[in-house]
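J.: Take this structure first; my questions come after.
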Amino acid sequence: MISVEEALERILAEITPLPMIKVPLSKALGHVLAEDVISQEDIPPFANSAMDGFALLSRDSQPQDGQPPRLHVTGGVAAGYVADHAVEPGTAMRVMTGAPVPPGADSVIQVELTRSEGPESEWVEILQEVAPGNNIRPAGEDMRYGQKVLTSGTEIGPWDIGILATLGWPQVPVIRQPRVAIVGTGDEIIDVDEPLRPGKIRNSNSYLLEAAVRKAGAEPNRLGIALDTLESLREKFSEAIQSDLIITTGGVSVGDFDLVKNIMAEQGEIEFWRINMRPGKPVAFGHIGAIPLLGLPGNPVSAAVTFELFGRPVIRKMLGHTHLLRPQAEVVVEDGVSESVMRRHYVRAHIEWKNGRLTAYTTGNQGSNIMTSLLNANALLIVPEGGTTIQPGGTAQAIMLDWPES
Ligand code: AMP
Ligand code: MG
């Protein structure tokens, strides 16, 4: 039986990021950027006015004999157009916000600091002295030609999409999303739309994992349930190997019908199949052909927890992320953990701020078949190997499931 750390290290050593593909900009949200984004232009591309007002020579704004200077208005420029003549000394041009600053002008005065006879006025009085560069947004003020603006490995968010749009990237190079086959196993498992019959339970794992896989950024392919026969498993696996990763649940402990290990041995190899943890000791890792296979336990809580600890980092590594693991924090365990377990124990807990401390409340019965122990859990308390308990009010390290990977 190997430790959680060794298992994770050995799994991740086998995983490499997937190749780059291009996706339309409007579909790029949440993908991982596969290349640095270097600006091929100055942004803004031309010096433009930050205000509605008048473009002028700043020295023409100085009062003359204590009187506001009066300038001849020679025309105007709206946003989206360019001036057809220059601003000469003693003149001004009307400019709108975003319009290119006309040649000759070195300053813009906002309309509120001027007086004229309205939009057609042929003269304007300048009521305040302005400095060179006033209200002018220079070319390249935001981004310069040749500047690295976004770094490969960034998870693309809405604000990055805005940057990519302004730089003219209709297609974005991203890491391809992994396709993840999800295979349930067990003669006792029926689908969610079936009424319960004697001896049968519904397939919760495949649906839980489908959602968790999608949340991790991959594309799930739920392949249903294989019966506890080698033939049925072979049939599912012939489809599953079209994927980048296969996740199974059940069939990896020591029972007579635990056949996932047999299939791995037959069609690939088993790297290991037990981890010193609870919930989730029977986790198998290996390959079917060249496709990595993560065989998770059948108990739903074990499947959920081992997916968080091993499956999610695998998907993130395939996606090109460099931060693979959830952050940990020291928390006060309000109710304590009295159950003594020899294996590493991951206790589901709800954590909130209380009196300036992160405070954990465990979620009740921690049996690996108790699905309600997942409800409201936003953290896993790490109780060390060797039968450790935690007194009420004692502290523990917690894996923060709703904090972003760091
Ligand atoms: P196994 O490892 O196949 O012996 O499964 C361990 C436990 O998990 C058994 O009680 C199974 O009935 C249960 N189990 C296996 N697969 C599923 C599933 N897809 N959904 C819900 N429970 C399952
Ligand atoms: Mg089974």
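The values are calculated or read from the model by the stated rules, or taken from the named source; none is laboratory data. None of the values given here were measured: they were computed from a predicted structure. Note that we place each Cβ from the backbone using ideal geometry, even for glycine, and neighbour counts take in every protein chain shown. What goes into the accessible areas is simple: the full protein's heavy atoms, side chains included, and nothing from ligands, DNA or RNA. Shrake-Rupley method; radii C 1.70, N 1.55, O 1.52, S 1.80 Å.
J.: I'd like the GluC sites (Glu not before Pro) in segment 198-295 restricted to DSSP loop residues with at most 16 other Cβ atoms within 10 Å, sorted by number.
T.: Values: sites: GLU210, GLU231, GLU235, GLU239, GLU266, GLU269, GLU271; in loops: none.
Those that pass, being in a loop and sparsely packed, number zero.
J.: Convert each backbone phi in segment 213-223 into a coupling constant with the Karplus relation 6.51 cos²θ - 1.76 cosθ + 1.60 (shift: θ = phi - 60°), then list the ³J(HN,Hα) values in order as whole Hz, x for Gly and Pro.
T.: 5, 5, 5, 6, x, 9, 10, x, 10, 7, 9
J.: For GLN242 and GLU385, what does the FRET efficiency come to when R0 = 41 Å and r is the distance between their Cβ atoms, rounded to the nearest 0.05?
T.: Numbers: r = 39 Å, r/R0 = 0.95.
E between GLN242 and GLU385, to the nearest 0.05, is 0.60.
J.: Oh, and also: Considering amide H positions built from the backbone, and no H for Pro or chain starts, which residues 5 or more places from LEU401, or on another chain, come under 5 Å of its amide H?
T.: The answer is ALA379, LEU380.
J.: Still on this structure, I have one more. Non-local amide H neighbours of GLY298 (under 5 Å, H modeled in plane, Pro and chain starts lacking H): which ones?
T.: GLY250, GLY251, VAL252
J.: Can you tell me the accessible area per residue over the chain, all protein chains present, probe 1.4 angstrom, in square angstrom? Mind showing how you got there, number by number?
T.: Working: 19380 Å² over 406 residues.
I get 48 Å² per residue for the chain.
J.: OK, next. Mind putting a number on the dipole of segment 235-385 about its Cα centre? Charges go on the C-beta only, +1 for Lys and Arg and -1 for Asp and Glu, and I need it in Debye to the nearest 20.
T.: Numbers: 14 positive and 15 negative charges, 82 e Å.
Value, rounded to 20: 400 debye.
J.: Continuing with the same structure: Could you work out the Kirkwood radius for segment 16-157, taking every pair of different alpha carbons, averaging 1/r and inverting it, reported in Å?
T.: Details: mean 1/r = 0.0574 Å⁻¹.
One decimal place: 17.4 Å for the Kirkwood radius.
J.: Within the chain, what whole-number % of the accessible surface is contributed by carbon and sulfur, with the 1.4 Å probe and all protein chains included in the calculation?
T.: Carbon-and-sulfur percentage of accessible area, whole number: 52.
J.: Next question, about the same structure. Could you derive backbone 3J(HN,Hα) for segment 47-62 from the dihedral phi with the Karplus parameters 6.51, -1.76 and 1.60 (θ = phi - 60°), listing whole Hz in sequence and x where the residue is Gly or Pro?
T.: After applying 6.51 cos²θ - 1.76 cosθ + 1.60, I find 5, 9, 7, 8, 9, 7, x, 10, 8, 7, 8, 4, 5, 6, 8, 6 Hz.
J.: List the GluC sites (Glu not before Pro) in segment 82-159 that DSSP assigns to loop (not H, G, I, E or B) and whose Cβ has at most 13 other Cβ atoms within 10 Å. Which are they? Working shown, then result.
T.: Details: sites: GLU112, GLU117, GLU120, GLU122, GLU125, GLU129, GLU141, GLU155; in loops: GLU117, GLU120, GLU122, GLU129, GLU141.
Here the sparse-neighbourhood loop sites are GLU117, GLU120, GLU122, GLU141.
J.: Would you work out which of VAL124, ALA83, LEU57 lies farthest towards the positive end of the dipole of segment 34-133? Charges go on Cβ: Lys and Arg +1, Asp and Glu -1.
T.: Toward the positive end, the furthest listed residue is VAL124.
J.: What does the charge dipole of segment 1-121 about its Cα centre add up to, to the nearest 20 debye, if the Cβ of each Lys and Arg holds +1 and the Cβ of each Asp and Glu holds -1? Working shown, then result.
T.: On the way: 7 positive and 17 negative charges, 72 e Å.
It works out to roughly 340 debye.
J.: Looking at segment 17-95, which chymotrypsin sites (Phe, Trp or Tyr not before Pro) are DSSP coil and have at most 12 other C-beta atoms within 10 Å of their C-beta? Write down the numbers at each step before the final one.
T.: Values: sites: PHE46, PHE54, TYR81; in loops: PHE46, TYR81.
In loop regions of segment 17-95 (DSSP not H, G, I, E or B), the sparsely surrounded chymotrypsin sites (Phe, Trp or Tyr not before Pro) are TYR81.
J.: Now for a separate question. Grab the DSSP H runs of the chain that are 4 residues or longer, score each as -39,500 (n - 2.57), total them, divide by all residues and round the 222 nm result to the nearest 500 deg cm²/dmol.
T.: Rounded to the nearest 500, the figure is -4500 deg cm²/dmol.
J.: In debye, nearest 20, what is the charge dipole magnitude of the chain about its Cα centre with +1 on Lys and Arg Cβ and -1 on Asp and Glu Cβ, if you could check? Walk me through the intermediate numbers first.
T.: On the way: 33 positive and 50 negative charges, 251 e Å.
So the magnitude is around 1200 debye.
J.: P(r) for segment 172-267, please, calculated from all Cα pair distances in 10 Å bins and given in %.
T.: Histogram of Cα-Cα distances, whole percents per bin: 16, 44, 30, 7, 2, 0.
J.: Which pairs, out of LYS22/LYS317; LYS317/LYS354; LYS236/LYS261, put more than 24 Å between their alpha-carbon atoms? The partial results should precede the final answer.
T.: Numbers: LYS22/LYS317 19 Å; LYS317/LYS354 35 Å; LYS236/LYS261 14 Å.
Flagged as over cut-off: LYS317/LYS354.
J.: Quick query: amide H of MET143 versus all other amide H atoms, modeled in the peptide plane; which residues come in under 5 Å with a sequence gap of 5 or more or a different chain?
T.: ILE43
J.: Relative to the longest principal axis of the C-alpha atoms of the chain, give the angle of the C-alpha long axis of helix 4-13, reported between 0 and 90° and rounded to the nearest 10°.
T.: 60
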